[in-house]
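**Q** One structure follows; several queries about it will come next.
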Amino acid sequence: MKIKAGVAILAFFTLMAIAGPLLIGADPAATSNDGLQGPSSAHWLGTTQTGQDILVQIVYGARVSMGVGVLSAVIATLLAVAVGLVGGYFGGAIDETFSVLTNIFLVLPSLPLIIVLAGYLPQRGVASVAVVIAVTGWAWGARVLRAQTLSVRRRDFVEAARASGERPLRIIFFEILPVLLPVIATSFLATVVGAILAEAGLSFLGLADLSTVSWGSMLYFAQNGQALLIGAWWWFIPPGLCIALIGTGLALVNFGIDEIANPRLRTIKVRKARA
Amino acid sequence: MSDFVLEGRDLTKHFTAARGGRWGRRPPVRAVDDVSLGLRAGTVTALVGESGCGKSTVARLLAQVYPATSGEVLLHGEPVKAHRGAAFRAYRRQVQLIFQDPFASLNPFHRVRYHLARPLRIHGHVRSDADEQEQVAELLERVSLTPVEQFMDKMPHELSGGQRQRVAIARALAVQPVALIADEPVSMLDVSIRLGVLRLLEKLADESGLALLYITHDIASARYFAQDITVMYAGRLIESGEAEALTQSPAHPYTRLLLESAPDPDRVTAPETVRLGEPPSLIDPPSGCRFHPRCPLVMPVCSERVPERTSLGEGRWTHCWAAAHPS
């Protein structure tokens, strides 16, 4: 049930991000003379101070927000898998080095670091923001994966693979990785949430690329235009609600995966459990 | 001595205990002391002993899973040290392992075909995909998993315990080893299918000249299955000999107790009351013969000195003061 609701929310936003701009076809930055109007039949979600359509901005913003979220989660997960699995499997000096590295990144205060890094970026494109968020956000996943690898590498089938002469990297990625997929998926989704929030935060502080429309930058301009003071609720509620909803959707899917992967949390009857 | 395919000489393994000892000093666990064991081609050798006596440690020492504290492992009469890297892989080509638990030893995410094709590929036994298909089918046939087309694409969870263990055996065979170490290969299986798996191992040892080490706590199955039996107690070997002779006339009192403890439908009267006792701690093993606190034939010398090997002829020997000085 949780997973269905979560998937429905995510599917809605994904569809919006992919197909929405094509359907609407308007320019999200285009200004008009109808500034600061409430929701109407012409502008379903109203307009900004400079007469930009909020609905168009939301739809285009979904692309940037989710794009940054997914891209940085992909980078962060790749880093976490590489560091966590390799360190956990080999142990010894490699593990020590990787653990120290992970711990350093864990205790770094990530938001100030993101702000500093983003401030020094040569150009503040979507990709570079995603990289900055990934660099500060991979350590948590690496730590979880290392702990799991430590337990899986002692299992018989890993010993057996070693006994048949498999090479270490092959064992890590073909024997251990599949077993850890639920954990990796969970940490990936959590990282997506984190990255979307971080991107919104960065944009809100005006540190991301403000010429591209994202939910964060909408909030930034709403704040700048004192939307709250003048009572223009349609300006800041939609982007805020979108961020909250997508976070909820991802969290629901996460709980759902947890329930399936962890039998002790299983409340629903799963018809055919995979090994 | 060179007719041994795989041989362990004076193997000793001391582990460091996780805790215990006075003033934070960690005492060693004397898991295995002075164990010498040889495997011949085409022969099944059994290593028998109760839980915790170190028989699995012997298996792992022979398989070079971890290094021995002292002593050496010889393959075809030549000492080998291969714990990592390319040397370890080369050693694996000669000596293979079968694990105890078939439910844990197959990766739940890979099909039977993958489990068998990987060792073939790694060790360069296949030329092409068609060749691989053919060899996988042949392996499945050798372990009697037929029809092979049906089993090839099954996931481990679709197989029973016995079928899984057959896949594990086929995987070990895919490497084409000269020696096979089976650590309690049937103890996790249902009693009704144990015999089938043992017969299969016997047939394989016979047909392809494999040297097979069968490790078990069940002396009755060892008697049925193995040509030679070596008995272990608390990390030391205590008796060895041809299976039938050893089980008919055990020389060591521990072997006698072990045999009496096996259920026997023909025995009408209750067995003689035996002295109770527990296997000793391997951190602080008894002095002299490690069996002396439980031994019905205990003599003063038993607690003082470790008994030497006493040869009883026809390849039989024992470590027992009672056998060394028959009264």
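The values are calculated or read from the model by the stated rules, or taken from the named source; none is laboratory data. Note that this is a predicted model, so its numbers are computed, not measured. Here Cβ is always computed from backbone atoms with ideal geometry, including for glycine, and neighbour counts include all displayed protein chains.
**Q** Considering each of A:Leu111, A:Leu150, A:Leu121, A:Leu101 in turn, give the residue that is under 18 Å from the mean Cα position of the chain (by Cα) and surrounded by fewer than 18 Cβ atoms within 10 Å (Cβ to Cβ).
**A** Result: A:Leu111 is the single residue among A:Leu111, A:Leu150, A:Leu121, A:Leu101 that is under 18 Å from the mean Cα position of the chain (by Cα) and surrounded by fewer than 18 Cβ atoms within 10 Å (Cβ to Cβ).
**Q** Name every residue in region B:174-220 that is hydroxyl-bearing (Ser, Thr, Tyr) and either buried (at least 23 other Cβ atoms within 10 Å of the Cβ) or in contact with a Lys or Arg (Cβ under 7 Å, 6 or more places away or on another chain) (or both), in order of residue number.
**A** Residues satisfying the conditions are B:Tyr214, B:Thr216.
**Q** Name the residue, out of A:Ala200, A:Ala185, A:Ala163, that is within 30 Å of B:Ala174 (Cα to Cα) and aliphatic (A, V, I, L, M).
**A** A:Ala163
Residues checked against (1) crowded, with 16+ Cβ neighbours inside 10 Å; (2) in contact with a strand residue (DSSP E or B) (Cβ under 8 Å, 6 or more places away or on another chain):
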| site | (1), (2) |
| --- | --- |
| B:Ser128 | no, no |
| B:Gln135 | yes, no |
| B:Gln150 | no, no |
| B:Asp153 | no, no |
| B:Pro156 | yes, no |
| B:Gln165 | yes, yes |
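**Q** I need the full set of residues from region B:56-70 which are surrounded by fewer than 18 Cβ atoms within 10 Å (Cβ to Cβ) and either within 12 Å of chain A (Cβ to nearest Cβ) or not in a loop (DSSP other than H, G, I, E, B) (or both), in order please.
**A** Those that are surrounded by fewer than 18 Cβ atoms within 10 Å (Cβ to Cβ) and either within 12 Å of chain A (Cβ to nearest Cβ) or not in a loop (DSSP other than H, G, I, E, B) (or both): B:Val65, B:Tyr66, B:Ser70.
**Q** A further question on this structure: If we keep just the residues of region B:181-200 that are within 15 Å of B:Phe99 (Cα to Cα) and part of a loop (DSSP other than H, G, I, E, B), which is nearest to the chain's Cα centre (by Cα)?
**A** Within region B:181-200, the match that is nearest to the chain's Cα centre (by Cα) is B:Glu184.
**Q** Now, a different point. Taking the criterion of being more than 12 Å from chain A (Cβ to nearest Cβ) and in contact (Cβ under 8 Å) with a residue 40 or more places away in the chain, would at least one residue in region B:130-143 satisfy it?
**A** Checked against the condition, which is being more than 12 Å from chain A (Cβ to nearest Cβ) and in contact (Cβ under 8 Å) with a residue 40 or more places away in the chain, region B:130-143 yields at least one hit.
**Q** Name the pairs: first residue in region A:212-235 and part of a loop (DSSP other than H, G, I, E, B), second residue buried (at least 18 other Cβ atoms within 10 Å of the Cβ) and not small (Gly, Ala, Ser), Cβ to Cβ under 6 Å, at least 6 apart or on different chains?
**A** A:Thr212/A:Val64; A:Val213/A:Pro28; A:Val213/A:Gln57; A:Val213/A:Tyr60; A:Ser214/A:Val64; A:Ala227/A:Trp235; A:Ala227/A:Phe236
**Q** Could you run through region B:90-109 and say how many residues are in a helix (DSSP H, G or I) and either of a type in the set (Ser, Thr, Tyr) or surrounded by 18 or more Cβ atoms within 10 Å (Cβ to Cβ) (or both)?
**A** Matching residues across region B:90-109 total 2.
**Q** When A:Pro182 is evaluated against the numbered criteria (1) under 18 Å from the mean Cα position of the chain (by Cα); (2) within 13 Å of chain B (Cβ to nearest Cβ); (3) surrounded by 24 or more Cβ atoms within 10 Å (Cβ to Cβ), which criterion, by number, is the only one it fails?
**A** Condition not satisfied by A:Pro182: (3).
Listed here are the residues, each with its yes/no results for (1) at pLDDT 85 or above; (2) touching an Asp or Glu at 6+ places or on another chain (Cβ under 9 Å); (3) buried (at least 21 other Cβ atoms within 10 Å of the Cβ); (4) within 14 Å of chain B (Cβ to nearest Cβ).
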residue	(1), (2), (3), (4)
A:Phe173	yes, no, no, yes
A:Ser211	no, no, no, no
A:Ser217	no, yes, yes, no
A:Gln226	no, no, no, no
A:Gly240	yes, no, no, no
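So that you can scan it fast, the table gives a plain yes or no per residue for (1) within 14 Å of chain B (Cβ to nearest Cβ); (2) at positive phi:
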{"site": "A:Ala62", "(1), (2)": "no, no"}
{"site": "A:Val70", "(1), (2)": "no, no"}
{"site": "A:Pro112", "(1), (2)": "no, no"}
{"site": "A:Gly125", "(1), (2)": "no, no"}
{"site": "A:Arg143", "(1), (2)": "no, no"}
{"site": "A:Val152", "(1), (2)": "yes, no"}
{"site": "A:Arg155", "(1), (2)": "yes, no"}
{"site": "A:Gly165", "(1), (2)": "yes, yes"}
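**Q** Please indicate, with yes or no, whether at least one residue in region A:89-97 is hydrophobic (A, V, I, L, M, F, W, C), closer than 25 Å to A:Ile196 by Cβ and part of a helix (DSSP H, G or I).
**A** no
**Q** While we're on this one: Looking at B:Ala59 and the list (1) at pLDDT 85 or above; (2) touching a helix residue (DSSP H, G or I) at 6+ places or on another chain (Cβ under 8 Å), which single condition is not satisfied?
**A** (2)
**Q** Quick one: what pairs do we get from region B:97-111, first residue more than 7 Å from chain A (Cβ to nearest Cβ), second basic (Lys, Arg), C-beta under 9 Å, 6+ apart or different chains?
**A** These pairs meet every condition: B:Ile98/B:Arg171; B:Pro102/B:Arg164; B:Pro102/B:Arg166; B:Phe103/B:Arg164; B:His110/B:Arg118; B:Arg111/B:Lys154.
**Q** Can you find, within region A:106-122, the residue that is farthest from A:Leu202 (Cα to Cα) among those that are assigned to a helix (DSSP H, G or I) and not aliphatic (A, V, I, L, M)?
**A** A:Ser110
**Q** Now a separate question. Among the residues of region B:154-169, are any within 22 Å of B:Glu207 (Cβ to Cβ), of a type in the set (Ser, Thr, Tyr), more than 9 Å from chain A (Cβ to nearest Cβ) and within 25 Å of the chain's Cα centre (by Cα)?
**A** The answer is no; no qualifying residue exists.
**Q** Can you find a residue that is more than 9 Å from chain A (Cβ to nearest Cβ), within 25 Å of B:Gly241 (Cβ to Cβ) and in contact (Cβ under 8 Å) with a residue 24 or more places away in the chain anywhere in region B:76-85?
**A** So far as region B:76-85 goes, yes, one or more of its residues are more than 9 Å from chain A (Cβ to nearest Cβ), within 25 Å of B:Gly241 (Cβ to Cβ) and in contact (Cβ under 8 Å) with a residue 24 or more places away in the chain.
**Q** OK, next. Do we have any residue at all in region A:138-150 that's among the polar types (S, T, N, Q), closer than 24 Å to A:Gly91 by Cα, without any contact (Cβ under 8 Å) to a residue 12 or more places away in the chain and touching a helix residue (DSSP H, G or I) at 6+ places or on another chain (Cβ under 8 Å)?
**A** For region A:138-150, residues among the polar types (S, T, N, Q), closer than 24 Å to A:Gly91 by Cα, without any contact (Cβ under 8 Å) to a residue 12 or more places away in the chain and touching a helix residue (DSSP H, G or I) at 6+ places or on another chain (Cβ under 8 Å): absent.
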